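Written out below as structure tokens is the structure these notes cover.
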Amino acid sequence: PPAPVYYLKTDGSTDYAGVRGAPFSFTEQAYPRLTASPDGKWLYLAGVGRSVGPFGNSDPLVLRWPRNGGGIAEPFLGKSQKGGKGRFTASPGSDNESFNSPAGIDCDAQGRVYVCDYLNNRIQIFSPEGRYLKTVAANRPMLIRVHQKTGALYVLHTVMSGGKAVSRFTKFGPFDDLREAFHQDGIGAGLFALDSWSPKPRL
């Protein structure tokens with residue numbers, strides 16, 4: 001059966017109409033990463049499909065699912081072909097309409113979608129309608145969070161330093177100025193959260 005999805009309110013309740021265990025996707029959940037559009041209408045999902053290693057070999061797609069729970073999640077970004085009963089197939093690629101193992105995903109306050117394209121060594125940015133906008137070069141990006149006030153990007157990725165693979169946290173500027181602001185090596189994490197509402201950003 002399709003994987004179900006649940007919304008949890010801050011008090012732990014899940015009584016949103018039509019969403020308590022609503023059918024979400026027929027895909028396997030390898031390293032699923034979810035984010036919501038700022039208007040609350042959509043959920044986006046990356047990191048689905050089988051995987052043989054951290055963030056490797058996930059389906060080259062971003063799925064989109066309506067917040068009201070209507071229907072199964074559909075491919076939103078990436079090249080795909082529909083199969084039967086809500087299933088679909090996709091092939092990896094390196095052009096701006098394709099991914100090669102997308103991992104982390106987030107939205108900014110304007111609804112733009114940021115996707116860590118892990119094996120293509122980049123972060124791809126799309127409009128809320130799915131139109132390609134920009135690319136940020138980043139080696140093996142795994143996780144991303146966008147500050148909801150400043151638009152700055154916080155990215156966990158892996159770089160080669162001194163002949164070794166090193167985990168790196170990098171802060172990039174907002175959409176209009178995506179230059180690197182700073183980085184810190186040696187910080188590894190499976191997940192992280194960004195507090196956009198504290199006086200200073202907290203990770």
On the basis of being at pLDDT 85 or above and either of a type in the set (Val, Ile, Thr) or surrounded by 16 or more Cβ atoms within 10 Å (Cβ to Cβ) (or both), does Tyr132 make the cut?
no
Checked the range 26-64 for anything of a type in the set (Gly, Ala, Ser) and either closer than 18 Å to Val146 by Cα or at pLDDT 75 or above (or both); matches are Ala36, Ser37, Gly40, Ala46, Gly47
Filtering the range 131-177 for residues that are under 20 Å from Ser101 (Cβ atoms) and polar (S, T, N, Q) leaves a count of 5
Determine the pairs where a residue that is of a type in the set (Lys, Arg), located within the range 58-70, has a partner that is assigned to a strand (DSSP E or B) and surrounded by fewer than 24 Cβ atoms within 10 Å (Cβ to Cβ) with Cβ atoms under 7 Å apart, the partner being 6 or more residues away or on another chain.
Arg64/Trp42; Arg64/Tyr44; Arg64/Glu74; Arg64/Phe76; Arg67/Trp42; Arg67/Leu43
Return only the number of the condition from (1) open to solvent by less than 10 Å² (accessible area, probe 1.4 Å); (2) in contact with a strand residue (DSSP E or B) (Cβ under 8 Å, 6 or more places away or on another chain); (3) over 25 Å from Gly190 (Cβ atoms) that Ser98 does not satisfy.
(2)
What pairs come up if the first residue lies in the range 86-111 and is free of Cβ contacts under 8 Å to residues at least 24 places away in the same chain, the second is open to solvent by 10 Å² or more (accessible area, probe 1.4 Å), and their beta carbons are under 7 Å apart, counting only those six or more places apart or on different chains?
Thr89/Ser80; Thr89/Gln81; Thr89/Gly83
Please enumerate the residues belonging to the range 135-158 that are open to solvent by 50 Å² or more (accessible area, probe 1.4 Å) and touching a helix residue (DSSP H, G or I) at 6+ places or on another chain (Cβ under 8 Å).
Arg140
The one condition Ser196 fails out of (1) open to solvent by less than 30 Å² (accessible area, probe 1.4 Å); (2) farther than 23 Å from Ser37 by Cβ is (2)
Within the range 76-171, which strands (runs of 3 or more DSSP E) (wholly inside it) include 1 or more residues that are among the β-branched types (Val, Ile, Thr)?
88-90, 102-107, 113-117, 122-126, 132-137, 141-146, 153-161
Qualifying positions in the range 159-194 - under 17 Å from the mean Cα position of the chain (by Cα) and hydroxyl-bearing (Ser, Thr, Tyr)
Thr170
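The values are calculated or read from the model by the stated rules, or taken from the named source; none is laboratory data. Computed from a predicted model, the values in this text were never measured in an experiment. As a convention, Cβ positions derive from the backbone with ideal geometry for all residues, glycine included, and neighbour counts pool all protein chains shown. Heads up: the accessible areas ignore ligands, DNA and RNA and are worked out on the full protein's heavy atoms, side chains in. Shrake-Rupley method; radii C 1.70, N 1.55, O 1.52, S 1.80 Å.
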